[in-house]
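Working notes, structure below.
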Amino acid sequence: MKITIDRNKQLGYINPDIYGHFSEHLGRGIYEGIFVGEDSEIPNTDGIRNDVIEALKEIEVPVLRWPGGCFADEYHWMDGIGPKSQRKKMVNTNWGGVTEDNSFGTHEFMRLCELLGCKAYINGNLGTGTPREMSEWVEYMTGTGSSPMTELRKKNGRQEPWKVDYFAVGNESWGCGGNMRASYYADLYRHYQTFLRTYDPENPIKKICVGPGTADTKWTKTVLETCYEDAQRAFHGFMDYITLHHYVFPDGWSNKGSATKYSDELWYKSLNKAVFMDTLIKKNEAVLDDYDPEEKIALCVDEWGGWYEVEEGTNPGFLYQQATMRDALIASATMDIFNRHCKRVKMACIAQMVNVLQAVLLTQGPEMVKTPTFYIFKMYKHHQGATAVDSYITDNEFEGPDEWKIPKVSTSASVKDGVTTLTVSNLSLTDATDVSVDFCGDTVQKILEAKIVTADDVRAFNDFGHDEAIAEKEYAGYRFDDGKLSLAMPAHSVVMLRLQ
Ligand code: AHR
């Protein structure tokens, strides 16, 4: 098998935000997982766990989406500001019916972004909120001068406005966000976005419109058609992104299967569904190319990842699951797809960051483990802000049951400051493979770094109180003679090389 890398054929800039995260008020995603409160015995900074901050800094989180998800369309931001003891409590009707005490609100989220050094992506409430509520939230966070909301923010201890990079008008409005039809949503989008004011012209908020969650492009078409019906609406700042959600339910929604005890067949089904991301993106790119040939609107895959049955004995509404090499490969194959589509895909957020679905970190009391997905993010961070270059595979083999065949190898490559980052995954459950790498006549002088993530037992996972079963390790399986590179890839493995 051969990978060809043509460094002269540039695919575009890999926006670092492709490596973004999502954190919702869901289960132990925020509370316990990130926020433990200032009085906790778990070491923290302003209530935010130090171990979690340190780990997330290692993978260089570029952007964080909050507060939902489905939760966003029932979240009233004013309940989450002011003295904590006076904050309204609510029932989290979407996720487990637990009491939400609103102790983690706007100020705490912006502090988290500050500690991580990442951009803030706020998801607004369209489902049960008003244009006024949405508009005032933006004014509260970013308003300058003297206005009711900026004064309120100052009263609550924050003098300077924050920088909010992204703001979404609703979430999954075709489902939990209000069961709307596309044309109805599009009219609401036109309406609500009008009142999302920019207070700092140097840093306009980028507006995000709800996109589809299936392979049917009817939603995308109708929304764009309705939004861009009058030519004058196609001005910059009306819509900057449209979303796409795609989860890997290995055997369908009602039979998702265990995160760790999956059959061989489910391995193939899961990865087949993961690489379906490529088709989904292509379909939506085609619609966007029609309506927006100048590429003003980007795709934002702000929910993606594997979704399995919850771990035994945990609250079904908390979506807590373990992670194995299957997740590592879902992540690497998906990120290769994002890299290759970087011209249109400018943001993506894995669901979710801590303790929920395909998390990068899991916590249990004061303990924390890094999942295999964490290590894939660590390897792939070198693609952030680089230029994607053409990379293709010849003689790629396909394996698995007929309707669930998967490509054996996935890859992507990028160049930044003269250094090429190459990521290669062997998706095979059983077979090792040898891959030669051809640089189209270009010479490679040295390997700066070579890392691998794999495990002998494909169903192994990193557990509390045990040594890590899966982590990023030095990779010695490459041969580099006379400028020629070849890789010996174990079954179910991900390799990252940095070359000059
Ligand atoms: O990530 C969990 C949920 O999945 C989100 O709240 C929702 O947007 C999606 O359906």
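The values are calculated or read from the model by the stated rules, or taken from the named source; none is laboratory data. None of the values given here were measured: they were computed from a predicted structure. All Cβ positions, even for glycine, are placed from backbone atoms using ideal geometry, and neighbour counts span all protein chains on display. The area values use the complete protein model at the heavy-atom level, side chains included, leaving out ligands, DNA and RNA. Shrake-Rupley method; radii C 1.70, N 1.55, O 1.52, S 1.80 Å.
For the reader, a short list of remarks on this structure follows.
- Antiparallel bridge percentage (DSSP; both residues within the chain; nearest 5): 60
- Tail fraction, Cα-Cα pairs, the range 13-140, threshold 27 Å, whole percent: 17
- Segments 64-75, 328-339 sorted - mean Cβ within 10 Å per residue, highest first: 328-339, 64-75
- If you model the range 391-499 as an ellipsoid using its alpha carbon gyration tensor, with each semi-axis the square root of five times an eigenvalue, the axes come out at 25, 20, 11 Å, biggest first.
- You can think of it this way: the chain between Phe464 and Asp230 has 78.6 nm of extra reach, that is 0.36 nm per residue less the Cα-Cα gap.
- Relative contact order for the chain: 19 percent, from Cα pairs under 8 Å spaced at least 6 residues apart, divided by residue count.
- Note that the range 15-384 presents 36 Å² accessible area per residue, ligands and nucleic acids not counted, probe 1.4 Å.
- Scanning the chain for cysteines with no neighbouring cysteine C-beta under 4.7 angstrom from their C-beta gives Cys113, Cys118, Cys209, Cys227, Cys300, Cys342, Cys349, Cys440.
- With the highest mean first, a sort of the peptides 283-292, 52-61 on other beta-carbon atoms found within 10 angstrom per residue produces 52-61, 283-292.
- Cα Rg, Dmax, the range 1-48, angstrom units: 20.2, 56
- Prolate is the label for the range 259-404, because a/c, from the alpha-carbon gyration tensor with a ≥ b ≥ c as root eigenvalues, is 1.5 or above and a/b exceeds b/c.
- Calculated P(r) of the range 162-204 - Cα pairs past 11 Å, %: 69
- D_trans [Stokes-Einstein, Kirkwood Rh over alpha-carbon pairs] for the range 5-80, 4 °C, 1.567 mPa s, µm² s⁻¹: 87
- Rg/Rh, computed from the Cα trace of the range 265-343 with Rh as the Kirkwood radius, has the value 1.08.
- Note on the range 107-253: antiparallel DSSP beta bridges, both residues inside, total approximately 0 percent of the bridges counted.
- Across all directions, the average projected area of the convex hull around the alpha carbons of the range 111-225 is 8.2 nm².
- The tail of the calculated P(r) for the chain beyond 33 Å holds 38 percent of all Cα-Cα pairs.
- Stokes-Einstein translational diffusion, the range 216-335 - Kirkwood Rh over all Cα pairs, 1.567 mPa s, 4 °C, in µm²/s: 79
- Pairs from Lys163/Lys473; Lys207/Lys370; Lys9/Lys283; Lys256/Lys343; Lys154/Lys370; Lys451/Lys484 whose Cα-Cα separation, in the structure shown, is over 30 Å: Lys163/Lys473; Lys207/Lys370; Lys256/Lys343; Lys154/Lys370
- Estimated translational D of the range 359-436 in µm²/s (Stokes, Kirkwood radius over Cα pairs; 37 °C; 0.692 mPa s): 217
- Globularity index of the range 321-383, i.e. its alpha-carbon radius of gyration over 2.2 N^0.38 Å: 1.17
- Set of the range 299-326 residues, backbone N closer than 14 Å to the point 7 Å along the Cα-Cβ line of Val91: none
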